[in-house]
Amino acid sequence: MKLVIEVDDELIQKGIEPFQRPQATYLIIAQRLNPGSSVILEHDPLFNAVNQIYKELYRLTDLVMPPIHIGAFIFRDVFFPLRIPLIYGSPAINPVDFLIDVPDIQKQWLFNDQQTGLKFFDQVIDLMDFAYGLDDVEKMGNLPNKTVEWWYLAKQHLEAAAAILLGSFNKYAVIQNCCLSTELLLKGSLMAKGVDEETLANKKPKNEKDKNKKEDYGHNLKNLVNKTADYLPNLNRETLLFVVQQLPDYVKSRYEAQKFSRLDLGKFLMNTQYISGEILRQFSNRNCREDFITMSNGNWDLTYRTFPKK
């Protein structure tokens, strides 16, 4: 165990993730004990011993590969984690399995209401299109690096918002994360269409004589939606305008403690999760709704979106 901890310390300093360290530790120890030996992994008693020590040192949740994205779904006024798994190949997907740590009775309660169930599937589709679409566009490499960087920052804010709803007592800070994520998603799209970063940072001057010299970008989400939709004709402008106008004012929410219900805060996040999927669908070939319609067993008609709607 002492040697495992020693190697584990080295890997921590190198920034190796916990779920990656059991195998990495085994490989390092195997080479130290028998330099030049071939890798055997599960057939090697040493591999099993290292794995067992890690199970004693860490929680199982620390050693499992994390999902590609963690969002949240509100049912009544409680928040369920929505874990989008890292999927290889083309296995059968059951989105209900994404509701980890949710008791079966609550799942039954959720899906007994058709509208709530359809809303859940909409959110799964949006987050899958976002998370996998972002991975796709990064690998394709045909968009500006800054666009991809901003979208990954948007992803971090989305996951931070979900973490706040899932674990924090005071959930007000979710507003800032949702506003920032939305702004980054929209501005990343505009940058992908050739709008430069300096222009995106501009706000319309208060001076009347200068008001036409700069576009009103800044934190104006309504204007950002309209400008983005001008470049992306397939973007659902009407729905995007509807959801961004429900978000609180970004600047005011930083300095004024407004009162919002749990339902309000949950809707802010779910609206933003919708925006993330809608934006990435414009730049990738992802469309999970079509896949789910094809795989549907007839119990759920996922042809049309249920959430968000006026």
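The values are calculated or read from the model by the stated rules, or taken from the named source; none is laboratory data. Bear in mind the structure is a predicted one, so any value in this text is a computation, not a measurement. Heads up, the Cβs are rebuilt from the backbone with ideal geometry, glycines too, and the neighbour counts pull from every protein chain shown.
Could we say that residue 173 is among the small types (Gly, Ala, Ser), surrounded by fewer than 23 Cβ atoms within 10 Å (Cβ to Cβ), under 28 Å from residue 99 (Cα atoms) and in the same structural domain as residue 234 (by TED's automatic domain parsing) here? Yes.
In the stretch 283-310, how many residues are surrounded by 13 or more Cβ atoms within 10 Å (Cβ to Cβ), modelled with pLDDT of 80 or more, assigned by TED's automatic domain parsing to the domain that holds residue 137 and not basic (Lys, Arg)? Summing the residues that are surrounded by 13 or more Cβ atoms within 10 Å (Cβ to Cβ), modelled with pLDDT of 80 or more, assigned by TED's automatic domain parsing to the domain that holds residue 137 and not basic (Lys, Arg) in the stretch 283-310 gives 4. Out of 143, 82, one residue alone is more than 29 Å from residue 303 (Cβ to Cβ) and under 21 Å from the mean Cα position of the chain (by Cα). It is 143. Are any of the residues in the stretch 124-140 farther than 24 Å from residue 306 by Cβ and not in a helix (DSSP H, G or I)? No, there is no match, as no residue in the stretch 124-140 is farther than 24 Å from residue 306 by Cβ and not in a helix (DSSP H, G or I).
Scanning the stretch 33-77 for residues that are touching a residue at least 24 places away in the same chain (Cβ under 8 Å) and of a type in the set (A, V, I, L, M) yields a count of 10.
Sort through 217, 250 and tell me the only one that's under 25 Å from residue 164 (Cβ atoms), in the same structural domain as residue 120 (by TED's automatic domain parsing) and buried (at least 16 other Cβ atoms within 10 Å of the Cβ). One residue alone meets the criteria, 250. Listed here are the helices (runs of 4 or more DSSP H) enclosed by the stretch 1-106 that have at least 2 residues being surrounded by 15 or more Cβ atoms within 10 Å (Cβ to Cβ) and not hydrophobic (A, V, I, L, M, F, W, C): 21-33, 45-57.
So, in the stretch 179-210, of the ones that are closer than 26 Å to residue 271 by Cα and part of a loop (DSSP other than H, G, I, E, B), which residue ends up modelled with the lowest pLDDT? Can you show your working first?
Going through the stretch 179-210, the residues closer than 26 Å to residue 271 by Cα turn out to be 179-193, 195, 197, 200-203.
In the following step, the residues that additionally are part of a loop (DSSP other than H, G, I, E, B) were identified as 193, 195, 202-203.
Values: 193: 96, 195: 92, 202: 74, 203: 63.
It comes out as 203.
Listed conditions (1) touching a residue at least 12 places away in the same chain (Cβ under 8 Å); (2) more than 30 Å from residue 68 (Cα to Cα) are all met by residue 26, apart from (2). Looking only at the stretch 1-30, residues that are charged (D, E, K, R) and closer than 15 Å to residue 63 by Cβ come to 3 in all.
State whether the residues of the stretch 266-279 include one that is under 28 Å from residue 117 (Cα atoms), assigned to a helix (DSSP H, G or I), among the charged types (D, E, K, R) and modelled with pLDDT of 95 or more. Yes. Evaluated against (1) in the same structural domain as residue 173 (by TED's automatic domain parsing); (2) in contact (Cβ under 8 Å) with a residue 40 or more places away in the chain; (3) surrounded by fewer than 16 Cβ atoms within 10 Å (Cβ to Cβ), residue 232 falls short on exactly one condition, (3). Test residue 113 against the criterion of being exposed (fewer than 15 other Cβ atoms within 10 Å of the Cβ), in contact with a Pro (Cβ under 8 Å, 6 or more places away or on another chain) and acidic (Asp, Glu), and give yes or no. Taking the combined requirement at face value, the residue does not satisfy it.
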